[in-house]
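Structure record follows, encoded as structure tokens.
The values are calculated or read from the model by the stated rules, or taken from the named source; none is laboratory data. Small disclaimer: the values here were computed from a predicted structure and weren't measured. So basically every Cβ, Gly included, is an ideal-geometry build from the backbone, and we count neighbours across all protein chains shown. Note: accessible area is taken over every heavy atom of the protein model, side chains too, but ligands, DNA and RNA are not part of it. Shrake-Rupley method; radii C 1.70, N 1.55, O 1.52, S 1.80 Å.
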Amino acid sequence: MSGAPQAVTGRPAAGTRRTGRPLVLRLLARPEVGVFLGAVAVLVFFLIAAPSVRQGGSLATVLYQSSTIGIMALPVALLMIGGEFDLSAGVAVVTSALTASMLSYQLTVNVWTGVLVALVVSLAVGAFNGWMLVRTRLPSFLVTLGTFLILQGVNLAVTKLVTGNVATDDISDMDGFGQAEALFASSFGIGGVQVKITVVWWLVFAALATWVLLRTKYGNWVFAVGGDQDSARAVGVPVTFTKVSLFMLVGFGAWFTGMHQLFSFNTVQSGEGVGQELIYIAAAVIGGCLLTGGHGSAIGPVFGAFMFGMVNQGIVYAGWNPDWFKAFLGVMLLGAVLVNLWVRRTATRR
């Protein structure tokens, strides 16, 4: 499901079929197989340890928690396959929500105006990150760390300046709110269980990202620039366009997630979002994406996000101290790194 073209990277693609290799090894070399098995193990564990998880409503809650992480983990994973990562992704979600909320409320306009302006702002933040990266050739860690600090400060300072508070005003009675809520934060019933619309969007985005990576020229470019951008440029891959567009995809994900938060709670806390970028990156890493780039899939982060949601809610349903979530997170992350290391060696072994 992944792997840069051999002409660009000089190494075989991950998951490529080789004559004589056992089927099990070929399957395990695929980046999403390991995390799928891990997700199944975590699900079975909590089905036994927390019987309430077996209820339809509980599983719907787990899927909802997973979707709020997974929608952002998808573009973050694509960016990581392209060889970069974004530390500003968490606060960018809040920036988008704040922009839509304050613009709509303070100017007394239809909320869709704020939604569209927030989309432009989010894409602009992503484009800025990508442009700074390719122009300065600085590591994405430094570029996006700077953006993270800028957005964090702007979120708090502008919100206090405009509203006189650290949170935005309630926009639930404004024109267009109902339609926006239906798109970003509604629920629907399946067999008497209420499921959040974000679960559907999460799976749709995952299917779209998978198709792009596997079936389009752009997907080849993503793997190529992540494997070796100099070699990719030498064979005609538009490295600058690919890098900038990947950061803009993260901006789109931040916008969508921010709109969900806004229309779910009607108001936004300006100090939120700090630390969420690590959750998104960890979900992508657990899903099989390498920090070095050039390897991964869009399906893996789906299972990675599900593991986060399952552990987060499973601990609550089991009646355990929720502080253990971070410990579980650390174990999953270290385990995923070790599995990914083994998968990489298996995939490149002749």
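Brief remarks follow.
- Here's the picture: charge each Lys and Arg Cβ at +1 and each Asp and Glu Cβ at -1 in the chain, and of Pro139, Gln229, Gly114 the one pushed furthest to the positive end of that dipole is Gln229.
- Share of carbon and sulfur in the accessible area of the chain stands at 66%, probe radius 1.4 Å.
- Across the range 142-154, rounded Karplus estimates of 3J(HN,Hα) from the backbone phi angles (6.51 cos²θ - 1.76 cosθ + 1.60, θ = phi - 60°) give 6, 4, 6, 5, x, 5, 4, 5, 4, 5, 4, x, 5 Hz, Gly and Pro being marked x.
- Only helices enter the 222 nm calculation for the chain: every DSSP H run of n ≥ 4 contributes -39,500 (n - 2.57), and dividing by all residues gives -24500 deg cm²/dmol, rounded to 500.
- Entry comment: accessible area of the chain is 44 Å² per residue, from protein heavy atoms only and a probe of 1.4 Å.
- Candidate aspartates and glutamates - alpha carbon under 16 Å from Lys326, same-chain residues fewer than 8 apart omitted: Glu277
- Estimated dipole of the chain in Debye, rounded to 20 [Cβ of Lys and Arg +1, of Asp and Glu -1, Cα centre]: 1880 debye
- Eligible aspartates and glutamates near Lys217 by straight Cα distance, threshold 15 Å, same-chain separation 8 or greater: none
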